[in-house]
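Since the structure comes first, as structure tokens, the remarks are kept for the end.
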Amino acid sequence: MQSDKLRLIWIYPDLLSTYGDQGNVLVLEQRARRRNIPVETVYVRSADPIPEQGDVYLLGGGEDRPQILAAARLRRDGGLGRAVERGASVFAVCAGYQLIGTVFGGEEGQPVEGVGLIDIGSRRGERRAVGEIVAEVDPELGVPTLTGFENHMGVTDLGPSVRPLSRTVVGTGNGDGTEGCYSGRVLGTYLHGPALARNPGLADLLLSWAMGVETLPPIDDTWHERLRDERLGTVLGRQ
Ligand code: GLN
């Protein structure tokens, strides 16, 4: 990999890629390119080692068994943890979000050891959370209202060293009125959509972390805004 480019790493497309979550990588690539930031994306299959020189690591959702496999391989590999220690950013969705914590519920509800990048623990909830989510983001992050959809059995308990990403207005999220969390530059969420297509502000937060800047030059988001208005209007109008 060349170090003069922004390096995006998509972790395990063969295990963790439900609901078009891979679109998150495409959105980051596009938003970087539109600002003349050179980008390189590496798709790392589960048989391959995790490159440690990435800037943003992305993980998607997955079914229970691929999630367990992915967690075991990532733990054995160790590269993601070393990249985070070096200051890399992580954006993890649903199964990916659960597995970067310390523990999550397996297909029979058994506790499965996670990668332990952040202080969260997930377990099987009483009923599947399915549907649209609307959530208000921690004001510290300066990101507009989140829109997305969720489909998961797990609920997630946040430890003291992480902050909730947002408070749910509609939907289940972590299961306690919050949705997602972040700690340093590691951010996890239950949102699909893909999340970064529905929430370009979140994409720009990740890009600004990776570039080490406060703000990025604005770009024309007419299409994203139309999608957001349609989704937010429909979901909040149902209330
Ligand atoms: N298997 C996990 C759960 O049901 C994650 C599901 C997903 O990624 N959509 O909680």
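List, please: which pairs have Cβ atoms under 9 Å, are six or more places apart or on different chains, and start with a residue in the stretch 191-210 that is polar (S, T, N, Q) and end with one that is crowded, with 23+ Cβ neighbours inside 10 Å and part of a loop (DSSP other than H, G, I, E, B)? From the stretch 191-210, the pairs are N199/L191; N199/G193.
Just one of the numbered conditions (1) near the ligand (Cβ under 10 Å from one of its atoms); (2) more than 14 Å from T189 (Cβ to Cβ); (3) touching a helix residue (DSSP H, G or I) at 6+ places or on another chain (Cβ under 8 Å) is not true of R123: (3).
Can you confirm whether G173 is closer than 16 Å to A92 by Cα, assigned to a loop (DSSP other than H, G, I, E, B) and small (G, A, S)? The answer is yes for G173. If you go through the stretch 150-176 and pick out every residue that is under 17 Å from Q98 (Cα atoms) and either surrounded by fewer than 19 Cβ atoms within 10 Å (Cβ to Cβ) or touching a helix residue (DSSP H, G or I) at 6+ places or on another chain (Cβ under 7 Å) (or both), you end up with 10. Report yes if T41 is within 17 Å of the chain's Cα centre (by Cα), within 16 Å of the ligand (Cβ to nearest atom) and β-branched (V, I, T), otherwise no. The answer is no for T41. If you check L80, L8 for being away from the ligand (no atom under 16 Å from the Cβ), touching a residue at least 60 places away in the same chain (Cβ under 8 Å) and under 23 Å from G184 (Cα atoms), only one passes: L80.
Only one residue in L196, L206 is closer than 19 Å to V134 by Cα, surrounded by 11 or more Cβ atoms within 10 Å (Cβ to Cβ) and at pLDDT 95 or above. Which one? Testing whether each residue is closer than 19 Å to V134 by Cα, surrounded by 11 or more Cβ atoms within 10 Å (Cβ to Cβ) and at pLDDT 95 or above leaves just L196.
Only one of the numbered conditions (1) within 14 Å of the chain's Cα centre (by Cα); (2) within 22 Å of L207 (Cβ to Cβ); (3) not in a loop (DSSP other than H, G, I, E, B) is not met by I118, and that is (3). Reported count of residues in the stretch 132-156, each being more than 25 Å from E108 (Cβ to Cβ) and within 13 Å of the ligand (Cβ to nearest atom), is 3.
The values are calculated or read from the model by the stated rules, or taken from the named source; none is laboratory data. Because the structure is a prediction, the values reported are computed rather than measured. All Cβ positions, even for glycine, are placed from backbone atoms using ideal geometry, and neighbour counts span all protein chains on display.
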